[in-house]
Amino acid sequence: MADVEQKDTVIVGGGPGGYVAAIRAAELGQKVTLIEKGDPGLGGVCLNVGCVPSKALISAGHRLQDASDASTYGIATSNVVIDFKKTQEWKQKKVVDRMTRGVEMLLKKHKVEIIDGEAILDNDHQLRVIKPGPKQFMDNDTGRTITWKNLILATGSRPVEIPHFKFEGRVIDSTGGLNLPEIPKEFVVIGGGYIGTELAGAYANLGAHVTIIEGTDSILNGFDADMVKVVEKNLKKKGVDVVTGAMAKNSEQDDKSVTVTYEVDGKEQSIKADYCMVSVGRKPNTDNFGLDMTSVKLNDRHQVIVDAQGRTNVEGIWAIGDIVPGPALAHKAFFEAKTAAGAIAGKKTANDWVGVPAVCFTDPELAEVGMNVATAKEKGIEVATAQFPFAGNARAVSLDEPDGFVRFIYTKDKKNIVGAQCVGPEASTMAGELSLIVNCGMNVEDVSLTIHPHPTLNEPIQEAADIAMGFPTHI
Ligand SMILES: Cc1cc2nc3c(=O)[nH]c(=O)nc-3n(C[C@H](O)[C@H](O)[C@H](O)COP(=O)(O)OP(=O)(O)OC[C@H]3O[C@@H](n4cnc5c(N)ncnc54)[C@H](O)[C@@H]3O)c2cc1C
């Protein structure tokens, strides 16, 4: 047996959590080893099969829509066609490959040792690296055994499967949904969360007829109903059927189609589609790399329990990203990565945010950070709200995207902003400013006295604050 290799900081998983932790740890003077099994690979779910390729398809859908119908602007177009094979090639080569190569380059620049292989924990102090693949074969051992001063676990998450919808053939997960070889004529999406609704919108823009089947009484649960309503109106305009309170029961497929059966209002219904994408949630990867051989404690949702710096109950083992509690989002993983790497270096870092922004790349986009009225009430905080509609914003009107609003939730006494919401054009971009406002604990006067350039989509932020101050201008 080969010698046990003694390392300084070892990171398992090269996704947004793992690769950012590697960079920060290296910047802080640690000798870093990152182990990535290559499924999906450096950049993790986000860059390979998540945030980035999904936004590429969403952009392609927008380009197609803009090209197909510009009559509002007096522009006549005809014979607009899409070569989806080329769209997919662009998404893979010019977007995903480019970004993942960038991550590899950054890691190399920071002298991070990258090990291609799968880490399997043996105990609280040691792991083995095996070649990725079926674990029952003895010959997949690389012979490398590693110990660490500090180990950061960043193994991410994977899609949840539901009974009778095994991921194969025409029943696909979000990764399958991102890599379709053709634009489906009929596309069924089970689960109207943000992943399902974003891809439903993208394929509707690309020309598919889409049906969303959602078990609860609303899609995009978590966002306020009046925000979701704006998105629903747009989905309806695109011809997307949204069936809520519907339970997916069964799928049957042949080589050409899949028939999905679901129950709604006590009645069974079925739809025949080219593909059925199931996006009902994701589960943390805590059950497939020997974590049960360690003393690391999990909660009842199989997530690793950590303190505010990402420390587990086992000395020297840390965890970040989708495997720890909190929203499963790349920017949360980035933050936790920097916190853990900093804590290892003895810095007073902490995951002490006021709010993690949540963004949804629907049409129009949704963004939210901090509390909404309901969560403020639950905490016993007396709040008021002020909102400004994009219909009163010159830039939104000139973009022909006047739907939606910006809203602040602020304390009644001191007018401190505890939450901010936006539904409308470029809400994703505005989420950064809203996050700054909420996380810096600004009050409405701070925002009202901040000059916002004209004409821009950010002006409603200042206008909503003006309303809260009692001096509305453009409304
Ligand atoms: C379709 C889709 C769209 C999304 N869109 C957004 C978005 O717009 N914005 C956003 O913030 N988030 C988005 N997300 C969520 C985001 O992708 C995740 O929150 C983020 O990738 C989590 O980062 P992570 O580092 O925790 O894990 P992951 O990205 O899952 O990376 C984990 C890595 O660890 C590796 N690994 C696992 N086990 C081992 C092992 N034993 N040994 C070695 N390597 C291992 C895996 O191969 C993987 O590369 C989206 C997700 C999906 C599926």
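Quick notes on this one:
- Estimated FRET transfer efficiency (Ile451, Ile305; beta-carbon r; R0 51 Å; 0.05): 0.65
- Rounded Å value of the spacing that divides the Cα centres of the stretch 159-184 and the stretch 372-449: 36
- Across the stretch 434-448, the residues whose backbone nitrogen lies under 14 Å from the label position 7 Å along the beta-carbon direction of Ala384 are 444-445.
- Overall, the accessible surface of the chain at a probe of 1.4 angstrom is composed of carbon and sulfur to the extent of 52 percent.
- When peptides 454-466, 332-344 are ranked by their average number of other Cβ atoms within 10 Å per residue, the highest-first order is 332-344, 454-466.
- With DNA, RNA and ligands ignored, accessible area of Arg407 (1.4 Å probe; Å², nearest 10): 20
- Subtracting the Cα-Cα distance of Asn313 and Asp265 from their residue separation scaled by 0.36 nm leaves 12.6 nm.
- For the listed peptides 427-437, 79-89, a ranking on the average number of other beta carbons within 10 Å per residue, highest first, reads 427-437, 79-89.
- Solvent-accessible ranking of His110, His164, largest area first, probe 1.4 Å: His164, His110
- Only the Cβ atoms of Lys and Arg (+1) and of Asp and Glu (-1) were treated as charged; on that basis the dipole of the chain about its Cα centre amounts to roughly 900 debye.
- Span from the the stretch 7-23 Cα centroid across to the the stretch 251-328 one, whole angstrom: 22
- Percent RCO, i.e. relative contact order, over the chain, from Cα pairs under 8 Å lying at least 6 residues apart: 14
- Shape analysis of the chain yields a ratio of the Cα radius of gyration to the Kirkwood radius, Rg/Rh, of 0.99.
- Taking 0.890 mPa s as the viscosity and 25 °C as the temperature, the Stokes-Einstein diffusion coefficient of the stretch 82-235 based on its alpha-carbon Kirkwood radius rounds to 125 µm²/s.
- Local net charge near Val359, Cβ-Cβ under 14 Å (Lys/Arg +1, Asp/Glu -1): -4
- Measuring between alpha carbons in the structure, the pairs from Lys332/Lys379; Lys185/Lys233; Lys236/Lys415 lying more than 27 angstrom apart are Lys236/Lys415.
- Scoring 169-179, 216-226, 192-202 by mean Cβ neighbours within 10 Å over their residues and listing the highest first yields 192-202, 169-179, 216-226.
- Surface accessible to a 1.4 Å probe, per residue, for the residues of the stretch 376-464, Å²: 45
- Summing +1 for each Lys or Arg and -1 for each Asp or Glu among the other residues whose beta-carbon sits under 13 angstrom from that of Arg170 gives -4.
The values are calculated or read from the model by the stated rules, or taken from the named source; none is laboratory data. Since the structure is predicted, the reported quantities are computational estimates derived from the model, not experimental observations. FYI the Cβ positions are ideal-geometry reconstructions off the backbone, even for glycines, and counts take in every protein chain you see. Accessible surface is based on the protein model in full, side chains and every heavy atom, while ligands, DNA and RNA are left aside. Shrake-Rupley method; radii C 1.70, N 1.55, O 1.52, S 1.80 Å.
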